[in-house]
Amino acid sequence: MEEKYVIGVDLGGTKIAAALVDFKGAIICKYTLPTKAEKGEKYILDNIIKIIEKVMNFGGVCSKKIKCIGLGAPGPLDIDKGKIICTPNLPFKNFNIVSPLKNHFKMPVFLDNDGNAAAIGEHTFGAGKGINNMVFITVSTGIGGGAILNGQIYRGNTKNALEIGHMTLDAQGPLCNCGNFGCAEVMASGTAIAREAKKAVEMGYNTTLALYKNITSKEVFKEAQLGDSISQNILDTTLNYLGICVANIITCLDPEAVIIGGGVSKGGKIIFDKINEVVKRRCFDTVSKNTRILPALLGTDAGVIGAAALAFIEEKF
């Protein structure tokens with residue numbers, strides 16, 4: 001059998017990652033670059049091209065064996081036209097991101113929502129392998145997701161289904177970048193955790209978070225584990241909202257499993273304990289007892305492996 005490889009690209013609000021991946025889902029070579037969204041569309045596109053060239057040049061694989069590129073990007077998207085319509089954490093507006101990549105690299109390029117791509121990756125190579133009905137949720141700078149229903153990726157009418165991060169959890173909540181109020185993304189993401197921590201420090205609360213010049217969700221998890229009550233309260237509130245988000249999805253879709261990935265999922269046991277507690281409290285017993293809440297197996301590589309899995313599926317290897 002001829003060796004075949006694809007390139008998976010994960011475009012995020014904080015970083016761009018690209019990897020050369022084989023048909024078993026193994027990463028041969030991977031690079032990341034900061035997104036620097038404030039520098040605009042062209043800058044980000046140029047960096048995507050640059051990072052793809054890096055994995056092609058340093059992956060140690062003959063270029064003829066690299067068959068296509070898969071790209072996972074935040075939505076809403078028009079995947080048929082290869083466009084990023086708009087997205088709260090990036091500067092793209094009705095931007096055709098597929099055509100310039102296809103023209104530059106002279107190979108097929110497949111675009112999908114980053115949550116869909118990661119869901120495909122976990123279903124093909126990760127924690128969702130062998131599960132016909134599953135939902136993947138990524139919690140990092142923002143919140144996204146994708147669903148595999150009856151063994152197939154579910155995209156919906158406009159192919160923008162499962163924008164989990166913009167599910168309203170509190171109608172009176174803070175303003176989200178999307179223009180809505182109280183979205184999951186603004187209530188339960190890594191950005192939300194960091195925002196509440198900075199607010200606590202600014203308000204003069206007695207917290208060890210004040211020791212940090214730059215506070216991210218990582219510091220909040222660390223200080224909570226060390227016993228800081230303010231950090232613990234912040235996590236209790238934000239993870240409760242994340243649990244509500246998961247409970248809503250379970251109530252709507254009745255999946256066999258919900259797989260949680262993204263940078264925030266590295267917080268570990270405290271996250272899964274809280275989600276399970278909220279799901280048990282808010283969902284029908286018969287549903288909650290038959291839905292597993294699992295950590296993603298692909299970890300921080302879910303985005304690039306998922307984009308690669310998307311390419312393998314769309315190219316029909």
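Structure values in brief
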quantity: Of all accessible heavy-atom area on segment 105-206, the percent that carbon and sulfur account for (1.4 Å); calculated: 49 percent
quantity: Prolate/oblate/rounded label for segment 79-222 (Cα gyration tensor, a/c 1.5); calculated: prolate
quantity: Å² of accessible area per residue within the chain, as computed with a 1.4 Å probe and no ligands counted; calculated: 46 Å²
quantity: Modelled label reach - Tyr212, point 7 Å along Cα→Cβ, segment 260-275 residues with backbone N closer than 17 Å; calculated: 263-271
quantity: Separation in nanometres of the label points that stand 7 Å from Cα toward Cβ, at Asp46 and Asn150; calculated: 4.8 nm
quantity: Nonlocal amide H pairs with Phe110, under 5 Å, H built at 1.01 Å; calculated: Ile69, Gly70, Leu71
quantity: Hypothetical label at Glu315: residues of segment 36-63 whose amide nitrogen lies under 17 Å (7 Å Cα-Cβ projection); calculated: 52-63
quantity: Electrostatic dipole magnitude of the chain [Cβ: Lys, Arg +1; Asp, Glu -1; Cα centre; debye, to 20]; calculated: 620 debye
quantity: Estimated distance in nm for a label pair at Glu3 and Ser229, the labels positioned 7 Å out from Cα along Cα-to-Cβ; calculated: 6.0 nm
quantity: Whole-Hz ³J(HN,Hα) from phi, Karplus 6.51 cos²θ - 1.76 cosθ + 1.60, for segment 245-250, glycine and proline x; calculated: 4, 5, 4, 4, 5, 4
quantity: Vicinal HN-Hα couplings computed from phi for segment 123-139 (Karplus, 6.51 cos²θ - 1.76 cosθ + 1.60; Hz; Gly/Pro x); calculated: 6, 7, 10, x, 5, x, 4, x, 9, 7, 10, 8, 10, 10, 10, 10, 10
quantity: Coil-residue trypsin sites (Lys or Arg not before Pro) of segment 104-203, DSSP, other Cβ within 10 Å capped at 14; calculated: Lys106, Lys129
quantity: Rounded FRET efficiency, nearest 0.05, which uses the C-beta distance separating Asn132 from Asn177 and R0 of 22 Å; calculated: 0.05
quantity: GNM top mover of Thr35, Thr158, Thr141 - the chain, alpha-carbon springs below 10 Å; calculated: Thr158
quantity: Heavy-atom accessible surface of segment 241-307: percent carbon and sulfur, 1.4 Å; calculated: 53 percent
quantity: Computed accessible area, Met203, all protein chains, 1.4 angstrom probe, square angstrom; calculated: 120 Å²
quantity: Stretch gain in nm, segment Thr158-Asn103, where the contour uses 0.36 nm per residue and the Cα spacing is subtracted; calculated: 17.2 nm
quantity: Ranked packing of 83-91, 277-285, most packed first, by mean Cβ within 10 Å; calculated: 83-91, 277-285
quantity: Residues whose placed amide H lies under 5 Å from that of Arg292, excluding near-sequence neighbours; calculated: Ala257, Val258
quantity: Cα gyration tensor category, rounded, prolate or oblate, for segment 260-317 with a/c compared to 1.5; calculated: oblate
quantity: Förster radius 51 Å - calculated FRET efficiency between Lys93 and Asp285 (Cβ-Cβ, nearest 0.05); calculated: 0.65
quantity: Ellipticity estimate at 222 nm from DSSP helix runs (n ≥ 4, -39,500 (n - 2.57)) divided over the chain, nearest 500; calculated: -12000 deg cm²/dmol
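The values are calculated or read from the model by the stated rules, or taken from the named source; none is laboratory data. All values derive from a computational prediction rather than experimental measurement. Note: ideal-geometry Cβ built from the backbone for every residue, glycine included; neighbour counts use all protein chains shown. Note: areas computed on protein heavy atoms with side chains; ligands, DNA, RNA excluded. Shrake-Rupley method; radii C 1.70, N 1.55, O 1.52, S 1.80 Å.
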